[in-house]
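The next block holds one structure in the form of structure tokens; read it before the comments.
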Amino acid sequence: MERMIALCILFFCSSTVLAAASHREVKYKQILKTIQQLEPKVKDKDVELLHTPENPVEGCLDTAVTCFKNGTLKLQPVNSQVNGFTKAIRILSKFTFRGPGKHCESSCESYEKKSPKEFLKSFANLIK
């Protein structure tokens, strides 16, 4: 009887861990899909260049995600693409990432400025 209870508890705990991991994976896939849908809708000429984190170090991932979230609010739509654009920006602005909690020495301003399309490609690479 004790073995049966122990097996049930073990099964429950392992299924909970697997469910949590798959939820995170689904979340990242949704963010990646949103970024890919946003790329053709973004105005790329005569716009502000954005600080674009590329290859951030392990402890600075949460800072990089914050930079991308702030940068997406500065993106501008191509005139005919306004409806899907605002929904995609809303989804990206709600994205959160919890890093290890280490203090990162770099700030958003320390990253090179790039065009909106390059900014989104770097964001997609970070999510992958």
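The values are calculated or read from the model by the stated rules, or taken from the named source; none is laboratory data. Everything numeric in this text was worked out from a predicted model, so none of it was measured. A quick note on method: Cβ atoms are made from the backbone with ideal geometry, for glycine too, and the neighbour counts reach across all protein chains shown. Note: areas computed on protein heavy atoms with side chains; ligands, DNA, RNA excluded. Shrake-Rupley method; radii C 1.70, N 1.55, O 1.52, S 1.80 Å.
Would you please name the GluC sites (Glu not before Pro) within the range 26-112 that are DSSP coil residues with at most 12 other C-beta atoms within 10 Å of their C-beta? Listed in order of number, the matching sites are 48, 105, 112.
Rolling a 1.4 Å probe over the protein heavy atoms gives the range 26-127 an accessible area of 61 Å² per residue. Using C-alpha pairs below 8 Å separated by at least 6 residues, the relative contact order for the range 26-127 is 49 percent.
Near residue 84, once Lys and Arg are set to +1 and Asp and Glu to -1 for all other residues with Cβ below 13 Å from its Cβ, the sum equals +3. What a 1.4 Å probe finds exposed on the range 26-127 is 48% carbon and sulfur by accessible area, rounded to a whole percent.
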